[in-house]
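The values are calculated or read from the model by the stated rules, or taken from the named source; none is laboratory data. Treat the numbers as computed from the prediction; the structure is a model and nothing was measured. Reconstructed Cβ throughout: ideal geometry from the backbone, glycine too, with neighbour counts over all protein chains shown.
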Amino acid sequence: MDLLNALVALTNFVIIPAATYGSQLALGALGVTLIYGILRFSNFAHGDTMAFGTTMTILVTWALQAAGITFGILPTALLALPFGIAATALLVLGTDRAVYRFYRRQKAAPVILVIVSIGVMFILNGLTRFIIGVDDQRFADGARFVISAGDFKQMTGLAEGLALRSTQLLTMVVAAICVALLFWFLNRTRTGKSMRAFSDNEDLALLSGINPEKVVAVTWVIVAALATIAGVLYGLDKSFKPFTYFQLLLPIFAAAIVGGLGSPLGAIAGGFVIAFSEVTVTYAFKKVATYVLPDALAPSGLLQLLTTEYKFAVSFAILVIVLLIRPTGLFKGKSV
């Protein structure tokens, strides 16, 4: 029985939160890896693109809620999501037209584009804070739990409860749908195959008659959709604060590099590797150990390697180790 309680505690505090966080990181890392694979630079403005898309979605969500329009047991933000994606797509397409296209035509070195993207990052960061402010914003509504800890205890008779929030289940389901749609688009559609050809060999793709501007525009639209969805799911699961999304840039880049830059499969795997590493290292295993070990060996300390304040340090450490040992990542993407 104690082993079952230990498993439930581990699922409740490690596996479900890490799987949810990993889904959000995977969507973010997919956007980073698409930009790197096709436009060939590391987009440091990606975290703030997520923040902008989430801000637009929140504003529309508030407008719908004020008008008395909700989505029942599901968050109203899902109804507002298409508006957020559209606004973000217009923003990134406008940014590309105003900024990146100039350097692309000059065939500027990737490092120049990286520096330019840092400038764009600061502008987007200021724009987002100007629109919605710097405070925490909560916009989740609908049913809070799929199953609560109390209900689980009553159903199973276990001492340990298992809670599954609706936002956690929603995150994993939506992320799975997005990934399936993205892979279908890349592998089955003419435009998706053009993007893959452009990523593999730009010169050969141009000789084949592929329109580079169309490929770039479609890439930005897909990235805007992935960034907005990832940002909204993260905001629903926790809360929205512009600075938090700026901080998310580190684990998202770590996920993309761990998986292999330019590899969509690698971005997904990297997202879960980073998420499970962060959650596992910062979780206090005292409760799990107390269930498993005999009373005489019950731990007196928390059995926690690092506090949650250092979770981004875990991403940084993994990023450095991967860059030193395997720069192409787990799925042999492009070297950094």
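Among the residues in the stretch 269-283, are any among the charged types (D, E, K, R) and closer than 22 Å to Leu25 by Cβ? Give the steps one after another, and end with the answer.
Step one: filter the stretch 269-283 for residues among the charged types (D, E, K, R), giving 278.
Of the ones still in play, those that are also closer than 22 Å to Leu25 by Cβ are 278.
Looking for residues that are among the charged types (D, E, K, R) and closer than 22 Å to Leu25 by Cβ, one finds at least one in the stretch 269-283, hence yes.
Only one of Val292, Val279, Val322 is at pLDDT 90 or above and of a type in the set (Val, Ile, Thr); which? Let's see the steps before the verdict.
Numbers: Val292 fails: at pLDDT 90 or above; Val322 fails: at pLDDT 90 or above.
Exactly one residue qualifies, and that residue is Val279.
Pick from Ala284, Ala313, Ala296: which is more than 26 Å from Gly260 (Cβ to Cβ), surrounded by 14 or more Cβ atoms within 10 Å (Cβ to Cβ) and not charged (D, E, K, R)?
Selected residue: Ala284, the only one of Ala284, Ala313, Ala296 that is more than 26 Å from Gly260 (Cβ to Cβ), surrounded by 14 or more Cβ atoms within 10 Å (Cβ to Cβ) and not charged (D, E, K, R).
Looking at the stretch 212-236, which of the residues that are of a type in the set (Ser, Thr, Tyr) and crowded, with 24+ Cβ neighbours inside 10 Å is farthest from Phe44 (Cα to Cα)? Step through it out loud before you land on a result.
The initial filter retains those residues of the stretch 212-236 that are of a type in the set (Ser, Thr, Tyr), namely 219, 228, 234.
Subset that is crowded, with 24+ Cβ neighbours inside 10 Å: 228, 234.
Working: Thr228: 16, Tyr234: 19 Å.
Among residues in the stretch 212-236 that are of a type in the set (Ser, Thr, Tyr) and crowded, with 24+ Cβ neighbours inside 10 Å, the one farthest from Phe44 (Cα to Cα) is Tyr234.
Return the residues of the stretch 37-54 that are assigned to a helix (DSSP H, G or I) and under 16 Å from the mean Cα position of the chain (by Cα); say none if nothing qualifies. Before you say what the answer is, go through the steps one by one.
So the first thing to find is which residues in the stretch 37-54 are assigned to a helix (DSSP H, G or I), and the list is 37-38, 46-54.
If the condition is that a residue be assigned to a helix (DSSP H, G or I) and under 16 Å from the mean Cα position of the chain (by Cα), then His46, Gly47, Asp48, Thr49, Met50, Ala51, Phe52, Gly53, Thr54 are the ones that fit.
Which of the following residues is modelled with pLDDT of 95 or more and of a type outside the set (A, V, I, L, M): Thr70, Thr55?
Details: Thr70 fails: modelled with pLDDT of 95 or more.
Among Thr70, Thr55, only Thr55 is modelled with pLDDT of 95 or more and of a type outside the set (A, V, I, L, M).
Output yes when any residue across the stretch 229-241 is of a type outside the set (Asp, Glu) and in contact with a His (Cβ under 9 Å, 6 or more places away or on another chain), and no when none is. Don't jump to the end; show me each part of the working.
Of the residues in the stretch 229-241, the ones of a type outside the set (Asp, Glu) are 229-236, 238-241.
Add one more test, that the residue is in contact with a His (Cβ under 9 Å, 6 or more places away or on another chain), and what stays is none.
No, because not a single residue in the stretch 229-241 is of a type outside the set (Asp, Glu) and in contact with a His (Cβ under 9 Å, 6 or more places away or on another chain).
For Leu324, work out the one condition from (1) over 20 Å from the mean Cα position of the chain (by Cα); (2) in a helix (DSSP H, G or I); (3) within 30 Å of Ala9 (Cβ to Cβ) it doesn't fulfil.
(3)
The rows are residues; the columns are (1) of a type outside the set (A, V, I, L, M); (2) surrounded by fewer than 15 Cβ atoms within 10 Å (Cβ to Cβ); (3) in contact (Cβ under 8 Å) with a residue 60 or more places away in the chain.
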{"position": "Ala86", "(1), (2), (3)": "no, no, no"}
{"position": "Val92", "(1), (2), (3)": "no, no, yes"}
{"position": "Leu113", "(1), (2), (3)": "no, no, yes"}
{"position": "Ser117", "(1), (2), (3)": "yes, no, yes"}
{"position": "Ile131", "(1), (2), (3)": "no, yes, yes"}
{"position": "Ser148", "(1), (2), (3)": "yes, no, no"}
{"position": "Thr167", "(1), (2), (3)": "yes, no, yes"}
